[in-house]
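First up is the structure itself, then whatever we jot down about it.
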Amino acid sequence: QVQLVESGGGLVQPGGSLRLSCAASGSIRVIWRMGWYRQAPGKQRELVTTITSGDNTNYADSVKGRFTISRDNAKNTVYLQMNSLKPEDTAVYYCNADLTTHWGSKNSYWGQGTQVTVSS
């Protein structure tokens, strides 16, 4: 019964900012890694950024210097601060988590996605 719920998507003008949130809930023992992926129309899903339990981060080259990932371990929540948004950033953004449940199983979970549209 693990669930990831994204929020914060919407319509923003080029150059604007947006912050996404993803809260994980359910029978979670520990979250090892959380991240964000995105999928634009007609494109494959791609990695945007991830953060580990040790706060090790990585970013796609296309978002370096513009996007920042952070997490609140106590709340099992990950955030994506997006600045200097471009039309090319338009996509459905999906939250992902690699975690261990209370019964010991390790799995990767996905949220349902939140739409981000960058347009003037």
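The values are calculated or read from the model by the stated rules, or taken from the named source; none is laboratory data. Treat the numbers as computed from the prediction; the structure is a model and nothing was measured. Ideal geometry is used to build each Cβ from the backbone, glycine not excepted, and the neighbour counts take in all protein chains shown. All accessible areas refer to the heavy atoms of the entire protein, side chains included, with ligands and DNA or RNA removed. Shrake-Rupley method; radii C 1.70, N 1.55, O 1.52, S 1.80 Å.
Among the candidates R19, R29, R45, single out the residue that is at negative phi, in contact with a His (Cβ under 8 Å, 6 or more places away or on another chain), open to solvent by 60 Å² or more (accessible area, probe 1.4 Å) and not polar (S, T, N, Q).
Of the residues listed, the single one that is at negative phi, in contact with a His (Cβ under 8 Å, 6 or more places away or on another chain), open to solvent by 60 Å² or more (accessible area, probe 1.4 Å) and not polar (S, T, N, Q) is R29.
Here is a yes/no grid of residues against (1) closer than 15 Å to W110 by Cβ; (2) β-branched (V, I, T):
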{"residue": "Q1", "(1), (2)": "yes, no"}
{"residue": "G10", "(1), (2)": "no, no"}
{"residue": "P41", "(1), (2)": "no, no"}
{"residue": "T52", "(1), (2)": "no, yes"}
{"residue": "N58", "(1), (2)": "no, no"}
{"residue": "V63", "(1), (2)": "no, yes"}
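Filter the stretch 2-52 down to the residues that are more than 10 Å from the chain's Cα centre (by Cα) and acidic (D, E) and list them by number.
E46
D55 is checked against (1) in contact (Cβ under 8 Å) with a residue 12 or more places away in the chain; (2) surrounded by 13 or more Cβ atoms within 10 Å (Cβ to Cβ) and fails just one. What number does that condition carry?
For D55, the failing item is (2).
Please determine, by comparing only the residues of the stretch 63-80 that are open to solvent by 60 Å² or more (accessible area, probe 1.4 Å) and at pLDDT 95 or above, which one is farthest from V48 (Cα to Cα).
Filtering the stretch 63-80 down to residues open to solvent by 60 Å² or more (accessible area, probe 1.4 Å) leaves 64-65, 68, 73-75.
Retained after the next criterion (residues that are at pLDDT 95 or above): 64-65, 68.
Numbers: K64: 9, G65: 12, T68: 10 Å.
Selected residue: G65.
Test A91 against the criterion of being touching a Pro at 6+ places or on another chain (Cβ under 9 Å), modelled with pLDDT of 95 or more and aliphatic (A, V, I, L, M), and give yes or no.
It is true that A91 is touching a Pro at 6+ places or on another chain (Cβ under 9 Å), modelled with pLDDT of 95 or more and aliphatic (A, V, I, L, M).
Table: residues versus (1) within 21 Å of G9 (Cβ to Cβ); (2) among the hydrophobic types (A, V, I, L, M, F, W, C); (3) in contact (Cβ under 8 Å) with a residue 24 or more places away in the chain.
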residue: R71; (1), (2), (3): yes, no, yes
residue: V78; (1), (2), (3): yes, yes, yes
residue: N83; (1), (2), (3): yes, no, yes
residue: D89; (1), (2), (3): yes, no, yes
residue: C95; (1), (2), (3): yes, yes, yes
residue: D98; (1), (2), (3): no, no, yes
